[in-house]
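Structure first, then comments.
The values are calculated or read from the model by the stated rules, or taken from the named source; none is laboratory data. All values derive from a computational prediction rather than experimental measurement. We place every Cβ from the backbone using ideal geometry, glycine too, and count neighbours over all the protein chains shown. SASA here: full protein model, heavy atoms, side chains in, ligands and nucleic acids out. Shrake-Rupley method; radii C 1.70, N 1.55, O 1.52, S 1.80 Å.
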Amino acid sequence: MTDSTTWLTQEAFDRLTAELQYLKTEGRTTVSAKIAQAREEGDLSENGGYHAAREEQGQQEARIRQLAAMLENAQVGEAPSADSDQVVPGASVTIYYDDDPDDTDTFLLGSRELVGVDDSVDIEVFSPQSPLGAAILGRRVGETVTYTAPTGKPIEVTIVEVQPFHA
């Protein structure tokens with residue numbers, strides 16, 4: 001496993017593979033047709049439709065590169081089971097900081113793509129490669145671990161709860 005590994009369920013892997021295939025085929029054809037149609041309208045320097053279509057093409061190509069890299073480095077696994085108290089990718093984890101049970105944080109361990117979380121779902125996401133994610137990965141409810149924050153400060157966290165994530 002490398003730092004660029006993306007943990008995905010089989011369902012998420014299949015969904016992202018289908019999205020990539022669509023973007024590379026029908027998606028590219030559709031955007032190319034929009035660009036060609038806008039070109040026919042004349043002067044490209046003041047053609048809003050042309051510039052919008054080119055912008056859409058750039059965003060689509062960026063998404064294609066993102067998906068290709070993610071799928072190339074994907075580690076496909078099972079979604080966590082409801083009876084597990086072990087921190088695994090795809091789990092919703094609740095922790096508290098520095099021996100203060102009132103200072104809690106709940107987040108998804110993995111990636112937004114792991115379980116198909118869209119931007120409307122308001123949950124923080126930590127990758128298993130992040131300092132916090134690496135420190136708690138494989139640990140169990142009740143365990144306390146210390147990790148070094150990007151600022152260099154050691155932070156102690158205690159795992160309070162581990163649940164399967166539901167968007």
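Structure notes:
- Per-region count, region 102-125, residues modelled with pLDDT of 85 or more and either open to solvent by 40 Å² or more (accessible area, probe 1.4 Å) or farther than 18 Å from residue 8 by Cα (or both): 5
- Residue count for region 1-50 satisfying the condition of being among the aromatic types (Phe, Trp, Tyr) and at pLDDT below 85: 2.
- Looking only at region 57-101, residues that are surrounded by fewer than 13 Cβ atoms within 10 Å (Cβ to Cβ), modelled with pLDDT of 80 or more and outside any strand (DSSP E or B) come to 8 in all.
- Selection status of residue 69, among the small types (Gly, Ala, Ser) and touching a helix residue (DSSP H, G or I) at 6+ places or on another chain (Cβ under 7 Å): no
- Check on residue 94, under 30 Å from residue 13 (Cβ atoms), in contact (Cβ under 8 Å) with a residue 40 or more places away in the chain and among the β-branched types (Val, Ile, Thr): yes
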